[in-house]
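Below: the structure, in structure tokens.
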Amino acid sequence: GGLLFEKGDLDFAGGTVVHINSGIAALVGALVLGKRIGYGRDAMPPHNLPFTMIGAALLWVGWFGFNAGSNLEATGIAVLALLNTILATAAAALAWMLVETLVTKKPSMLGIASGAIAGLVAVTPAAGLIGPMGSIILGAIGGIACFFAVTSLKKALGYDESLDVFGIHGVGGIVGAIGTGIFVSPALGGVGVDGYDMGSQVTTQTLGVLVAIGWSGTVSFVLFKLIDLTIGLRVKEEDEREGLDTTSHGERAYTN
């Protein structure tokens, strides 16, 4: 067992080792790389919302294998993980849509897709450990937290992170990891663990979050800097203005 496993950190399907790690690495990468030309001045909407929705739907289906498959055998726990993956994701998508409507007066297709991914991320560490009602609440909290992370927090910190990996995977992973320590409680419908105490378990989950942030952030920063000092991280300004499809690959996604 590793450091966090030995301390009793709960992570059913990889919320800490996958999502917090990737989210922090993305944030560090965005800070080291810098902003895109025209960011904050030019409109940069998603180029194809139907493709975005197709991708989100494929992720939702594929996540069943990710979460339920982490049980490694076809038992009731695998079924619980699958059910929680459905419920938390739906709750997060709905919560994101409702909050977005309250804040901007308009729900969006991109917001619903983003909320669904936030729910998938948040429930990952808890999938086979909490009850259905716990997954609904955790998913809703994750959707709301990620909405404000990709809007208010992103604007406040001023970084340019085009796919919101930190705002959704990083923040959603943190919410899910800490929330697992709460909703695993048998009193809240969770499966429980030996010698469970909510305070102690939440402390352990928080320690896991901090270790993942420190490890991923430090290693990512070093690697990004090494790449920047050797082969470089950014393309030339004229290449970026022309578009990387053309300058790096010699092809275009769409033709007139």
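Please treat every number below as a calculation from the coordinates, not as lab data. Given the structure is predicted, the values throughout are model-derived calculations rather than measurements. Positions of Cβ are backbone-derived with ideal geometry, glycine not excepted, and every protein chain shown enters the neighbour counts.
Computed from Cα atoms, the angle from the helix 171-183 axis to the main principal axis of the chain rounds to 0 degrees.
What is the helix-to-structure angle for 109-123, meaning the angle in degrees between its Cα long axis and the longest Cα principal axis of the chain, kept from 0 to 90 and rounded to the nearest 10? Roughly 40 degrees, rounded to the nearest 10.
What is the sum of charges, Lys and Arg at +1 and Asp and Glu at -1, for the other residues whose Cβ falls under 14 Å from the Cβ of L129? If you can, show how the numbers build up before the last one.
Details: positive: none; negative: D9, D11, D194.
Local charge sum for L129: -3.
Running a GNM on the chain with Cα contacts under 10 Å, which residue among V18, V103, V28 ends up with the highest mean-square fluctuation? Greatest mean-square fluctuation among the candidates belongs to V103.
Under 17 Å between alpha carbons: how many lysine pairs meet that in the chain, if sequence neighbours fewer than 8 apart on the same chain are excluded?
On the way: K35/K154; K35/K155; K35/K225; K35/K236.
Lysine pairs meeting the criterion: 4.
Taking GluC sites (Glu not before Pro) as exposed when DSSP calls them loop (any state but H, G, I, E, B) and at most 16 other Cβ atoms lie within 10 Å, what is the longest stretch of the chain free of them, the sites themselves excluded?
Values: sites that count: E73, E251.
Here the longest segment lacking exposed loop sites spans 74-250.
Within the listed set F51, F183, F12, the Gaussian network model of the chain (springs between alpha-carbon atoms below 10 Å) gives the highest mean-square fluctuation for F51.
Would you mind getting the Kirkwood hydrodynamic radius of region 1-143 from its Cα pairs, rounded to one decimal in Å? Let's see the in-between values first.
Working: mean 1/r = 0.0608 Å⁻¹.
For region 1-143, the Kirkwood estimate is 16.5 Å.
Label separation (M109 vs M198): 4.2 nm, computed from points 7 Å beyond Cα along the C-beta direction. Placing one equal scatterer on every Cα of the chain and applying the Debye formula, the log10 ratio I(q)/I(0) at q = 0.11, 0.13 Å⁻¹ is -0.64, -0.87. The phi torsions of region 224-229, fed into the Karplus equation with coefficients 6.51, -1.76 and 1.60 and a -60° offset, translate into couplings of 4, 5, 4, 5, 5, 7 Hz, rounded to whole numbers, with Gly and Pro shown as x.
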